[in-house]
Amino acid sequence: MGKKEFRVLIKYCLLNGKNTVETKTWLDAEFPDTAPGISTIKDCYAKFRRDEMSTEDGKRSERPKEIVIDENILKIHKMILNDRKLKLNKIADTIKISTESVHHIIHEYMCTSYHLRIFGYEKVLCKVGAARAHF
């Protein structure tokens, strides 16, 4: 059962006058393997009591879902070729992605600086194509 369905059941319990403990007990009895935790139930109760009665997921940021794209990998590669002592924060600020994403791209898709020197730019381009096939 999904999150939305559990929020509907939690809202049902709230409207029927059950407290969070009774709701948790009922959900555990009906859905022993997938029932949400007590903190999730408390959060839902608090949201519903603030008159936010929607059971839909909240709106998310408009950022792209996929950061590891060929364009970003090539941008990072070129930046590192120009200045190999470049900091992750500087790369992240330039490309406008998180430092964690930059770290992930460098270590998962670009290997190490040793590999870059041995295999060269052409191998990195081949690995970029393989990265796209990986996802």
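The values are calculated or read from the model by the stated rules, or taken from the named source; none is laboratory data. Here the structure is a predicted model, which is why all the values come from computation and not from measurement. Cβ: placed from backbone, ideal geometry, glycine included. Neighbour counts: every protein chain shown.
Below, the figures for the structure above:
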quantity: Out of LYS78, LYS85, sole residue that is assigned to a helix (DSSP H, G or I), at pLDDT 80 or above and at negative phi; calculated: LYS78
quantity: Residues of region 43-75 classified as modelled with pLDDT of 85 or more and under 30 Å from GLY17 (Cβ atoms), total; calculated: 8
